[in-house]
Amino acid sequence: MIKEIALADIDTMRAAIRNGVDRVELNSRLDLGGLTPDDQTVAEAVALAAEAQIDLVVMIRPRGGDFDYSEAEIEDMRRSLRRMRALGVKTVTFGVVDVKKHLARDRMTKLLEAAKPMQVVYHMAFDDIAERCQQQALRWLANYGVIRVLTHGGKLTVPITETVSHLQEIVQMAPTGLTILPGGGVTFENAGWLAQQLHVSELHGSKIVPLPLKDALKW
């Protein structure tokens, strides 16, 4: 099973690698759900990931709150994407949802174009998309080359053990070639059970591997 950890600093990344993580999602401000990290941290993470031979995904998100970004915020994200590419990042994660709870296709297209040739993951903004629109959104994302969708299967205030049924539906809806990555409340203690229930081979969480207390307290 591929274990992806969400984290926000290099010390935690080193500890996670020592404890067997397979992939890192690098953020800043995990208390806000994850924002774009600074260039220096990204550069260090790119080097560390290469040394450890693990994959690195970098968050592109200009602020906390909803995912209905203004044109100015989209331009800020496009600039961030260009910087990440220059720093050697291979995979980025972002998502845009409009005020009607639909996938914001026009704005997503602008970001996808700016991200090339980096790979793209659609993050938990997916859970803000109205359920009746989620299958169509998955198809669009797959058609536009997105490789994974990170989802909790519902509101983050609901434990993942209670969103399993909808997560199962999302896994079934996903087109061939689009990986569904369950996250939000996944830990090293429940990961095996969730993988079995969902028939998935990848999981995401800030506690996906056990970490020393001093590291775990950072996020």
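The values are calculated or read from the model by the stated rules, or taken from the named source; none is laboratory data. Remember, it's a predicted structure, so these values are computed and weren't measured experimentally. Cβ: placed from backbone, ideal geometry, glycine included. Neighbour counts: every protein chain shown. Heads up: the accessible areas ignore ligands, DNA and RNA and are worked out on the full protein's heavy atoms, side chains in. Shrake-Rupley method; radii C 1.70, N 1.55, O 1.52, S 1.80 Å.
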VAL99 accessible area, nearest 10 Å², 1.4 Å probe? 120
Less than 13 Å Cβ to Cβ from VAL42, Lys/Arg counted +1 and Asp/Glu -1: what total charge do the surrounding residues give? -1
Projected-area average for the stretch 16-56 over all orientations - Cα convex hull basis, square nanometres: 3.0
Label-to-label distance, nm, for residues given as ASP76 and LYS90 (7 Å Cα→Cβ offset): 3.0
Per residue, how many Å² of accessible area does the stretch 164-212 show with a 1.4 Å probe? 46
3J(HN,Hα) from dihedral phi, the stretch 41-51, Karplus parametrisation 6.51/-1.76/1.60, rounded to Hz, x for glycine, proline: 5, 4, 4, 5, 5, 4, 5, 5, 4, 5, 5
I need to check one value: relative contact order of the stretch 147-219, counting alpha carbon pairs closer than 8 Å and at least 6 residues apart, in percent. 31
State the Cα centre-to-centre distance between the stretch 31-45 and the stretch 123-180 in whole Å. 24
Could you work out how much longer the chain between ALA52 and THR157 gets when fully extended? Use 0.36 nm per residue separation minus the Cα distance between them, nm to one decimal. 34.4 nm
Using θ = phi - 60° and the Karplus relation 6.51 cos²θ - 1.76 cosθ + 1.60, list the HN-Hα couplings for the stretch 182-194 in order, rounded to whole Hz, with x at every Gly or Pro. x, x, x, x, 7, 10, 5, 7, 10, 4, x, 5, 5
5 angstrom amide H check on VAL57, placed H, neighbours 5+ away: VAL24, GLU25, LEU26
Long-range amide H partners of ILE2, meaning residues 5 or more apart or on another chain whose placed amide H is closer than 5 Å, are GLU202, LEU203
Counting other Cβ atoms within 10 Å, keep those with at most 11, restrict to DSSP loop, and tell me which trypsin sites (Lys or Arg not before Pro) in the stretch 108-177 are left. LYS155
Stretch GLN196-GLU113 to full length: gain in nm at 0.36 nm per residue minus the Cα-Cα span? 26.3 nm
If the chain between ARG139 and ILE2 were fully extended at 0.36 nm per residue, the gain over the current Cα-Cα distance would be 47.0 nm
Give the Cα extents of the chain along the principal axes, in whole Å, largest first. 42, 40, 29
Just to confirm the filter: which GluC sites (Glu not before Pro) across the stretch 142-219 are DSSP coil and have at most 15 other Cβ within 10 angstrom of their Cβ? GLU189
Excluding ligands, DNA and RNA, the carbon-plus-sulfur percentage of the accessible area of the chain with a 1.4 Å probe reads 49
What three numbers, in Å, describe the spread of the alpha carbons of the stretch 51-124 along their principal axes, ordered from the longest? 43, 21, 19
Compute the relative contact order of the stretch 26-123 as a whole-number percentage, counting only Cα pairs closer than 8 Å that sit 6 or more residues apart in sequence. 27
Per-pair calculated FRET efficiency, R0 = 22 Å: GLU189 and ARG18 via Cβ, rounded to 0.05: 0.70
Report ³J(HN,Hα) in whole Hz for each residue of the stretch 53-65, in order, from the Karplus equation J = 6.51 cos²θ - 1.76 cosθ + 1.60 where θ = phi - 60°; Gly and Pro get x. 6, 10, 8, 10, 10, 10, 6, 10, 7, x, 7, x, x
Return the long-range amide H neighbours of LEU181 (sequence gap of 5 or more, or a different chain), with a cut-off of under 5 Å between placed amide H atoms. VAL149, LEU150, THR151
What percent does the relative contact order of the chain come to when contacts are Cα pairs within less than 8 Å and at least six residues apart? 21
Which net charge results for the neighbourhood of TYR144, defined as the other residues with beta-carbon distances under 15 angstrom from its beta-carbon, given Lys and Arg at +1 and Asp and Glu at -1? +4
Summed side-chain charge close to VAL89 - residues other than VAL89 whose Cβ falls under 15 Å, Lys, Arg +1, Asp, Glu -1: +4
